[in-house]
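The numbers here are math on the coordinates, done by the rules we state, and not lab data. As the structure is a computational prediction, the values presented were derived from the model and not from experiment. When we count neighbours, we look across all protein chains shown, and the Cβ atoms used for this are built from the backbone with ideal geometry, even at glycine.
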C-alpha cells in the first residue's frame, strides 16, 4: 500500500511539473480530474467524441455550430482543458469573442451556449464538478423582425420581370410562396407534390426544423405559383414542387427585387415568414391560429408578432363603449 501511495504521489508531482512547463495552473478541478483518472481525456478530445455520439441525435446545423465553437476555442487557447474552465476563463473567452473576433452579442450567445452545454455534458460524465456559467449570465439581444405589409407583398407580386431573367423570377416565386404560406426556406424548397392535398386545398408536411406535422390551407395566390410549375413537369409524389435555389442566391436576388418594386427595406428570405405572421395578426387572426399555422410549439414564440397596434387599441375601446351603450338602451 505504501509503495502504491508513493507511486501516486510521484506521478502527481510529475503531472504538476508538466502542467507548470505548459504555463498552466494546477487548479482543484485539475487535481480532482487527475485522481479520477480523467487527466488523459482532454477537453478537445471529449468535445470531438461528444460530436461523434451526437451524429444521429442532433441536426447537421447544430453539429456545425459546435464544430465552429470548438475551432474558436482552439484559437482562444490551444492548451485549454477541463480544469481551466473557471469563471475567469469564461470572462476572458467572452472578451476574446467581442474584441478579437468582433462578434456581436448574439454571435457570442451562440458560442457560449455551445460551450455551456458541453460543460454540462462533461459534468454528467464526471469530468467536471460544477459549471463556471453558474455565475456568468449569457444573454442574447432581441433583433428587429423586418416584414412586408400586404401592400408591399402585392407590389412584389405585381412586379413584371423579364422572361429572359428566369433566375430572378424563380427567386421571386419562392419568396412569395413563403409570404403566402409562412413556410421556412427549408420547407419551401423541400416541398413535394405529395405534400399538396385537395378537398380542401392544403399543404401537409413534417417541418424540417422541428420534425413536427404542419397543415397550412392554400390561398389562391399560393396555388397560382404551384400551378405555374406544375405545367412544366410530370407530377409525382416525390418530385419537388418548386424551383431549387440556394438560400444565399435567393437573398442576393431579393435585393434587386426590392429595388425594382420600390421597397426600401433590407429583406431576407426569412422575412417572408415574418410578413405572413405579422399580416395575419394585423387582420385580427386569433393568435392561437397564427401559432398553429407557423408550427410553433409554444405560444411565446408567436406572441412576438402580437404587438399592439395603436389603432386597434382605440377600436377595441370604442367597441366596448358601444357595447355598454347598447346594454343601457336595452335596459331603459
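In what sequence, highest mean first, do 120-126, 91-97, 181-187, 197-203 appear when ranked by Cβ atoms within 10 angstrom?
181-187, 91-97, 120-126, 197-203
If each of residue 94 and residue 61 carries a label point 7 Å out from its Cα toward its Cβ, how far apart are those two points in nm?
It works out to 2.7 nm between the two label points.
Considering only C-alpha atoms, what is the centroid distance from region 274-292 to region 42-68, in Å?
37 Å
In which sequence would 281, 138, 188 go, from the one with the fewest C-beta neighbours within 10 Å to the one with the most?
138, 281, 188
Which of the three applies to region 150-310, rounded, prolate or oblate, going by the alpha-carbon gyration tensor with a ≥ b ≥ c and a/c under 1.5 meaning rounded?
Oblate, because a/c is 1.5 or more while a/b does not exceed b/c.
For a bin width of 10 Å, list the pair-distance distribution of region 86-198 built from all Cα-Cα distances, rounded to whole %.
11, 25, 19, 18, 19, 8, 1
If I stretch the segment between residue 219 and residue 146 completely, what's the gain in nm (0.36 nm per residue apart, minus their alpha carbon distance), one decimal?
24.0 nm
Suppose each label sits 7 Å from its Cα in the direction of the beta carbon; what would the residue 120-residue 160 distance come out to in nanometres?
So the label points at residue 120 and residue 160 sit 5.6 nm apart.
Just rank 54, 193, 47, fewest to most, by other beta-carbon atoms within 10 angstrom.
54, 193, 47
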